[in-house]
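The values are calculated or read from the model by the stated rules, or taken from the named source; none is laboratory data. This structure is a prediction, so every number in the text was calculated from the model and none was measured. Quick reminder, even Gly has a Cβ in these numbers, built from the backbone with ideal geometry, and neighbours come from all protein chains shown.
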Amino acid sequence: MTMAACRSSALLLGIVTALSGCVTPPKTQPQVHSIADQSVGLGTTTAPVVADRWWEQYGDPQFDQLVTTALEHNPNLQQTLARLRAAQSQVELATAQRTPGVTLNGAEQRVHWPEQYIYPPPFGGGTFWNGQLLVNLSWDLDFWGKQAALIDQARSTEEATRLDTEAARLATTVALSQTYLDLNRAIARADIAQQSVVQRKRILDITRKRIAAGLDTNVELREAETAVPQAELARLQAEAAREVAVHRLAALVGEGANAYERIGKPTLNLEAALSIPNELPADLLGRRPDILAARARVEAATSGRAAARAAFYPNVNLSAFAGFQAIGLSNLFQANNRTFGIGPAISLPLFESHRLKSEFNAATALQDEAVSSYNGAVLSAVQQVADQLSQVNYSAQQLQQARSTLTAAEEAYRLAQKRYEAGLANYLSVLTTETQVLNARTTFVDILHQQALARVSLLLAVGGNFTAAS
């Protein structure tokens, strides 16, 4: 480029920069600020380290296999992986726009040139081949950082999507664990309900015999008759819950009705110890991928706002071309038909201020929305962990009481049997105490299920086996 051309380009840039004062960003500022970590009441201890395959502590091979299959084939998880690939492509696209673009253009046309035109005879008034072969270069110099901000936005969005994938893995594990525990409880309740049906039919039979002997009235008969369908109803409800749990498990592992028959009875050790915290862990906000994803979206929105601000300033491109242009096929590649050029291309959106201000205000609102979403994720996480901590603590106390109740009921049943064998009581009293045992077993199964579910939910509420460095 000649000295004169450089001076002209500098003068043009100065004029455009001066004119840019006519188009300035509005003074709109974000209205929402991120919640302070220390204001959410986290403790001083960190959450315990969780084993990569923590579910193996239950000692159930079928459960292990279901979790492995779900993490590979769950449709929702596959959906997040597809979104991650799309986000990665957006990063590549934004990065590519920062680098110089080079194209090769060639054309050859049969043209009749006007007689009174820029070309003198013999070209003027004649028909000739007009050809060109040019290499073109265009490079956005990004003086104001717009492209850099767009790249940062794409990278933050990619990071948020990657963290969404981690959150989806945890959500899949949670859903599968909850459903498998539901299946275990439904089968246990169905077994107890079946025992109740048999036992209450025996009570009904004995009651009828006692009425025939004049020992009972129709009141006792109606009570005994009512108890049988109640037990049948409990059994049917438990069977329905078992089938629903099987259906949900099959869907979670990415299979259909063909998997129903393959899902058998769980063999869970529900009282197996899991590494869970005793208070709100200090590192909660750094362990949950959903919170980190929300934070990454705040960073993406902040970069988007920066790009919207940079759009108010002149866009400077460096463009160049080199190649051949000639009239006539035989002349195209001759040395004296070479052509080239280079220079800046500057554009300023002088009459687009309304659109740019609207886009900037929208970007600011999106940043507020992202910050609000992050704050909501933080508060929700703290609440979830606090709820599950309370549930774990109280379910442990309830389980202790339920175990004592069951032990007492079984002892009463044992004594009633001995009294019956010694001829000191009738068999109806034995069946009555057996009813108490069955009811106590149902309660114990329910509370044991609640405790196991609360422990798993707490484990995953603090981030499961996810670490930010993984």
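Within segment 273-287, residues that are closer than 15 Å to Leu460 by Cβ reach partners that are among the basic types (Lys, Arg) with beta carbons closer than 9 Å, at six or more positions or on different chains, in the pairs Leu274/Arg455; Ile276/Arg455; Pro281/Arg287.
Considering the conditions (1) without any contact (Cβ under 8 Å) to a residue 24 or more places away in the chain; (2) within 30 Å of Ser156 (Cβ to Cβ), Thr68 is excluded by exactly one of them, (2). When Phe333, Phe360, Phe340 are screened for being closer than 30 Å to Phe123 by Cβ, out of contact with any Leu (no Cβ under 7 Å at 6 or more places or on another chain) and not in a strand (DSSP E or B), only Phe333 passes. Pairs meeting the criteria (first residue in segment 24-47 and within 26 Å of Ala311 (Cα to Cα), second residue part of a loop (DSSP other than H, G, I, E, B), beta carbons under 7 Å, at least 6 apart or on different chains) are Thr24/Phe312; Pro25/Phe312. For Asp52, the conditions (1) among the acidic types (Asp, Glu); (2) outside the structural domain of Ala386 (by TED's automatic domain parsing); (3) modelled with pLDDT under 85 are fulfilled apart from (2).
So that you can scan it fast, the table gives a plain yes or no per residue for (1) under 30 Å from Arg53 (Cβ atoms); (2) in the same structural domain as Leu150 (by TED's automatic domain parsing):
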{"position": "Ala282", "(1), (2)": "yes, yes"}
{"position": "Pro289", "(1), (2)": "yes, yes"}
{"position": "Arg295", "(1), (2)": "yes, yes"}
{"position": "Ala320", "(1), (2)": "no, no"}
{"position": "Ser330", "(1), (2)": "no, no"}
{"position": "Asn337", "(1), (2)": "no, no"}
{"position": "Arg355", "(1), (2)": "no, no"}
{"position": "Gly376", "(1), (2)": "no, yes"}
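Can you name the residue in segment 358-376 that is farther than 15 Å from Ala300 by Cβ and under 23 Å from the mean Cα position of the chain (by Cα) and, of all such residues, is surrounded by the fewest Cβ atoms within 10 Å (Cβ to Cβ)? It would help to see each step written out before you state the result.
Filtering segment 358-376 for residues farther than 15 Å from Ala300 by Cβ gives 358-361, 375-376.
Filter again for under 23 Å from the mean Cα position of the chain (by Cα), leaving 375-376.
Values: Asn375: 17, Gly376: 12.
Among residues in segment 358-376 that are farther than 15 Å from Ala300 by Cβ and under 23 Å from the mean Cα position of the chain (by Cα), the one surrounded by the fewest Cβ atoms within 10 Å (Cβ to Cβ) is Gly376.
Using the structure shown, decide if Val40 is buried (at least 16 other Cβ atoms within 10 Å of the Cβ) and either farther than 30 Å from Ala149 by Cβ or modelled with pLDDT of 90 or more (or both). Spelling it out, Val40 is indeed buried (at least 16 other Cβ atoms within 10 Å of the Cβ) and either farther than 30 Å from Ala149 by Cβ or modelled with pLDDT of 90 or more (or both). Count of segment 218-255 residues, restricted to those that are touching a helix residue (DSSP H, G or I) at 6+ places or on another chain (Cβ under 7 Å), under 26 Å from Asn426 (Cβ atoms) and among the β-branched types (Val, Ile, Thr), is 1.
Within the group Ala282, Ala335, which residue is aliphatic (A, V, I, L, M) and either closer than 21 Å to Ala362 by Cα or more than 40 Å from the chain's Cα centre (by Cα) (or both)?
Ala335
The criterion of being modelled with pLDDT of 85 or more, among the basic types (Lys, Arg), assigned to a helix (DSSP H, G or I) and crowded, with 21+ Cβ neighbours inside 10 Å does not hold for Arg355.
Please verify whether Leu448 is among the aliphatic types (A, V, I, L, M) and either at pLDDT 90 or above or over 42 Å from the mean Cα position of the chain (by Cα) (or both), treating the condition exactly as stated. Quick ask: steps written out before the conclusion?
Values: among the aliphatic types (A, V, I, L, M): yes; either at pLDDT 90 or above or over 42 Å from the mean Cα position of the chain (by Cα) (or both): yes.
Yes: the conditions hold for Leu448.
One residue stands out among those in segment 114-141 that are part of a loop (DSSP other than H, G, I, E, B) and in contact with a strand residue (DSSP E or B) (Cβ under 7 Å, 6 or more places away or on another chain): the one that is farthest from Leu329 (Cα to Cα), which is Leu141. Say whether the condition of being free of Cβ contacts under 8 Å to residues at least 60 places away in the same chain, among the hydrophobic types (A, V, I, L, M, F, W, C) and touching a helix residue (DSSP H, G or I) at 6+ places or on another chain (Cβ under 9 Å) is met by at least one residue in segment 156-177. Scanning segment 156-177 turns up no residue that is free of Cβ contacts under 8 Å to residues at least 60 places away in the same chain, among the hydrophobic types (A, V, I, L, M, F, W, C) and touching a helix residue (DSSP H, G or I) at 6+ places or on another chain (Cβ under 9 Å).
Restricting attention to segment 338-352 and to residues that are at pLDDT 85 or above and either under 33 Å from the mean Cα position of the chain (by Cα) or hydrophobic (A, V, I, L, M, F, W, C) (or both), the residue that is surrounded by the most Cβ atoms within 10 Å (Cβ to Cβ) turns out to be Ile342.
Quick grid of which residues meet (1) over 39 Å from the mean Cα position of the chain (by Cα); (2) polar (S, T, N, Q); (3) outside the structural domain of Arg248 (by TED's automatic domain parsing); (4) within 23 Å of Thr161 (Cα to Cα):
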position: Gln78; (1), (2), (3), (4): no, yes, no, yes
position: Leu81; (1), (2), (3), (4): no, no, no, yes
position: Ala87; (1), (2), (3), (4): no, no, no, yes
position: Ala107; (1), (2), (3), (4): yes, no, yes, no
position: Arg110; (1), (2), (3), (4): yes, no, yes, no
position: Pro114; (1), (2), (3), (4): yes, no, yes, no
position: Ile118; (1), (2), (3), (4): yes, no, yes, no
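How about segment 192-225: which of its residues are without any contact (Cβ under 8 Å) to a residue 24 or more places away in the chain and either crowded, with 16+ Cβ neighbours inside 10 Å or on the phi > 0 side of the Ramachandran plot (or both)? Scanning segment 192-225 gives Gly214, Asp216, Glu220. Does Asn439 count as surrounded by fewer than 21 Cβ atoms within 10 Å (Cβ to Cβ) and either of a type in the set (A, V, I, L, M, F, W, C) or modelled with pLDDT under 85 (or both)? Criteria not met by Asn439.
Scoring Gln116 on the criteria (1) in contact (Cβ under 8 Å) with a residue 40 or more places away in the chain; (2) surrounded by fewer than 17 Cβ atoms within 10 Å (Cβ to Cβ); (3) of a type in the set (S, T, N, Q) leaves a single failure, condition (1).
Residues of segment 194-206 include none that is assigned to a helix (DSSP H, G or I) and either outside the structural domain of Leu431 (by TED's automatic domain parsing) or farther than 24 Å from Val437 by Cβ (or both).
Checking the structure you have, find out if any residue of segment 386-405 is of a type in the set (Val, Ile, Thr) and under 17 Å from Leu42 (Cα atoms). No, segment 386-405 has no match at all.
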